Amino acid sequence: MSRPPRVVIDTNLVLSALVFSGGRLAALRHAWQSQRCVPLVSKATTAELIRVLTYPKFKLDEASQQELLADYLPWCVTVRIPNPPPATPDCRDPFDLPFLQLAVAGKADVLISGDQDVLSLAGQMKCRIQTADAFLGELGS
């Protein structure tokens, strides 16, 4: 049996899968929790997720934030980004750079994103760049 794909999932998708557990991205959450994919995280991507969980619009108290992190981080593999970081394609949005660097440093099979700036880089990296729907379709969810 082949190993599950190593994936980098952008923060918005992780957040949607966690906060809206009955939403369309619930299948993504089930995929990592059933070990059908292995999410990769770095210090920078984890810090961003923690920061975003505190946004007032989500109305999450600290206990709820910790519970959501506990539904994600135990399934993740932490990747150390080297200094200097690996080369990545040019991207318009500098906030996307940590995800690109993580995909390269972590030897990801797929970078999953809903961000058009990231999706526009498809074919410019060793890993595939896909939407969550495309990834889940391939996974057979």
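Remarks
- Residues of segment 28-59 that turn out to be crowded, with 17+ Cβ neighbours inside 10 Å and either modelled with pLDDT under 95 or among the acidic types (Asp, Glu) (or both), as a count: 1
- For segment 83-141, a residue qualifies if it is under 20 Å from Pro5 (Cα atoms) and acidic (Asp, Glu), and the qualifying residues are Asp109, Asp133, Glu138.
- In segment 1-55, the qualifying residues are those that are charged (D, E, K, R) and part of a loop (DSSP other than H, G, I, E, B), and the one that is nearest to Val110 (Cα to Cα) is Asp10.
- Every residue from segment 88-107 that is of a type in the set (A, V, I, L, M, F, W, C) and either at pLDDT below 95 or touching a helix residue (DSSP H, G or I) at 6+ places or on another chain (Cβ under 7 Å) (or both): Cys91, Phe95, Phe99, Leu102
- Flag if Ala108 is of a type in the set (A, V, I, L, M), loosely packed, with under 14 Cβ neighbours inside 10 Å and outside any helix (DSSP H, G or I): no
The values are calculated or read from the model by the stated rules, or taken from the named source; none is laboratory data. Please read these numbers as outputs of a predicted model, since none were measured by experiment. Reconstructed Cβ throughout: ideal geometry from the backbone, glycine too, with neighbour counts over all protein chains shown.
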